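Presented below is the structure to which this report refers.
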Amino acid sequence: MAAVLAPVVGWSFANTIVKIVHVQPVAFAFWRLWLATATMLLVLVVTRRRVTWRILKASAPGGVLFALNLVFFFSAIRHTAVADVLVIGALQPALTVLAAGKMFGERVSRGDVLWILASVAGVIAFVVGSRSTPNWSLIGDLFAVGSLLVFTAYFFVSKRVRRQTGPVEFMVCVTVVAAVVITPIALLSGQPLSGIRWQDWVWLVVFAISAQGGHLLLAWAHNHVDLTVATLLILAETPLSAVIALVVLGQPLTVIMIVAGLLTMACLGVVVYRATRTSAVFADSEDAEPAPS
């Protein structure tokens, strides 16, 4: 559980870094990915793992989506309130449950759909409540929606590839491909990649290491923590980030935002619990089947 909580707390603080540095979002994503690439290659050497062409080819789509997600996510944080970005992004488990029914043949009940609709209503109420704050931006919220959709696609691609690939090898390939993909985007964006202050370099390194380290910790924790517990702990990043943004950045929270945010998190928690409980029952039933003679 500590391996899950550490990234959640670290990411909640790291989300404010994008706001305080004097680096544009696409340039920030460029340096974050290349710094993470250097880190992952070092991990690959230390752990004596090996990446094959098959693994790289299978992981490439995930790398493309990962790069696009960072562009959308960092742009969203720079344009609107951190709380807006995280609450909108928290819908990812709900989208996963809905899409899993068609893509992986998993059963989605009417109750699941009702709870998901309730969580969407909570997000809409949160965004409406945040419109009265000075940090709200429509384009920022649209970037957040783009990040949500791209990251959900990345989640499904990752799920397919991770069935046949180790976590370290997968993250190495994803990070390398993402860094290559972000390079032409950064060059064409017109955002300066040089002339960065030394203070911003420090923050960039802290962000890259904490973000990449968090992904590795979560990959390790998957085999030691129930999926329900892990997902609910990850959802805690949303309210925690909102509180940290309030303290560090002075981004206000209205009563409507607080109530709607809590409603959204509660509904999403029910969605996650129902989905994982169904998966556990299905797995138990498969284990109980007699072995073929």
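Output the direction-averaged projected area (hull surface divided by four) of the convex hull of the alpha-carbon atoms of segment 1-57, in nm².
Mean orientational projected area (segment 1-57, Cα hull): 5.8 nm².
Provide the net charge surrounding residue 132, with neighbours chosen by a C-beta distance below 15 Å and charges set as Lys +1, Arg +1, Asp -1, Glu -1. Present the calculation step by step, with values, prior to reporting the outcome.
Working: positive: 131; negative: 84, 141.
My count for the surroundings of residue 132 gives -1.
Tell me the mean residue ellipticity at 222 nm calculated for the chain from its helices only (DSSP H runs of n ≥ 4, each -39500 (n - 2.57), averaged over every residue, nearest 500).
So the calculated ellipticity at 222 nm is -27000 deg cm²/dmol.
What share of all Cα pairs of segment 1-130, in percent, falls into each consecutive 10 Å distance bin?
Going out from 0 Å in 10 Å bins, segment 1-130 shows 10, 27, 35, 23, 5, 0 percent.
Mark the label point 7 Å from the Cα of residue 199 along Cα→Cβ and return the residues of segment 1-31 whose backbone N is within less than 12 Å of it.
Once the point is set 7 Å along Cα→Cβ of residue 199, 20-23 turn out to lie under 12 Å by backbone N, inside segment 1-31.
Provide the net charge surrounding residue 43, with neighbours chosen by a C-beta distance below 14 Å and charges set as Lys +1, Arg +1, Asp -1, Glu -1.
Charge balance near residue 43 sits at +2.
What ³J(HN,Hα) values, in whole Hz, does the Karplus curve 6.51 cos²θ - 1.76 cosθ + 1.60 give for segment 240-253 when θ = phi - 60°, with x put for Gly and Pro?
For segment 240-253, the Karplus-derived couplings read 5, 5, 5, 5, 5, 5, 5, 6, 7, 9, x, 7, x, 10 Hz, x marking Gly and Pro.
Would you look at the GNM of the chain, springs on alpha carbons closer than 10 Å, and say which of 135, 15, 69 moves the most?
135
Between residue 246 and residue 120, what length comes free when the chain is fully extended (0.36 nm per residue of separation minus the Cα-Cα distance, one decimal in nm)?
Net length gain for the segment: 43.0 nm.
Per 0.36 nm of contour for each residue apart, how much would the distance between residue 57 and residue 180 grow if the chain were fully extended, relative to their Cα-Cα spacing?
Working it through step by step, the gained length comes to 42.9 nm.
By the scheme Lys and Arg +1, Asp and Glu -1, what is the net charge of all other residues having a beta-carbon under 13 Å from that of residue 168?
Values: positive: 48, 49, 50, 162; negative: 169.
With Lys, Arg at +1 and Asp, Glu at -1, the net is +3.
Quantify, in whole percent, the carbon and sulfur part of the accessible surface of the chain (1.4 Å probe; protein heavy atoms only).
Details: 10190 of 14570 Å².
Carbon and sulfur: 70 percent of the exposed surface of the chain.
Report the full-extension gain for the segment residue 258 to residue 128: residue separation times 0.36 nm, less the Cα-Cα distance, to one decimal in nm.
Contour length minus Cα-Cα distance gives 45.6 nm.
Which of 274, 160, 54 moves most in a GNM of the chain, Cα contacts under 10 Å?
Its mean-square fluctuation being the largest, the pick is 54.
Would you please put 143-150, 170-177, 255-262, 208-215 in order of how densely packed they are, using the mean number of other Cβ atoms within 10 angstrom per residue and starting with the highest?
With the highest mean Cβ count within 10 Å placed first, the list reads 170-177, 143-150, 208-215, 255-262.
List the residues of segment 1-35 whose backbone N lies under 14 Å from a point placed 7 Å from the Cα of residue 42 along the Cα-to-Cβ direction.
34-35
Using Cα centres only, tell me the gap between segment 1-79 and segment 145-200 in whole Å.
6
Given a 1.4 angstrom probe, what's the average accessible area per residue across the chain, in square angstrom? Numbers along the way, then the final one.
Values: 14570 Å² over 293 residues.
Using a 1.4 Å probe on heavy atoms only, each residue of the chain averages 50 Å².
How many percent of the alpha carbon pairs in segment 110-242 exceed a separation of 24 Å?
Details: 4360 of 8778 pairs.
Summing the P(r) tail past 24 Å for segment 110-242 gives 50 percent.
Counting only the heavy atoms of the protein chains, how much of residue 109 is accessible to a 1.4 Å probe, in Å² to the nearest 10?
Approximately 30 Å² of residue 109 is accessible to the 1.4 Å probe.
Per-residue accessible area for residue 161 at 1.4 Å probe radius, Å² rounded to 10?
Taking all protein chains as shown, residue 161 has close to 10 Å².
Please list, in order along segment 196-205, the HN-Hα scalar couplings obtained from phi with the Karplus expression 6.51 cos²θ - 1.76 cosθ + 1.60 (θ = phi - 60°), rounded to whole Hz, x for Gly and Pro.
These are the phi-based 3J(HN,Hα) values: 7, 5, 5, 4, 5, 4, 4, 5, 4, 5 Hz.
The values are calculated or read from the model by the stated rules, or taken from the named source; none is laboratory data. In this text, all values refer to a predicted model and were calculated from it rather than measured experimentally. For neighbour counting, all protein chains shown are included, and Cβ atoms are generated from backbone atoms with ideal geometry for every residue, glycine included. Side chains included, ligands, DNA and RNA excluded: accessible areas come from the protein's heavy atoms. Shrake-Rupley method; radii C 1.70, N 1.55, O 1.52, S 1.80 Å.
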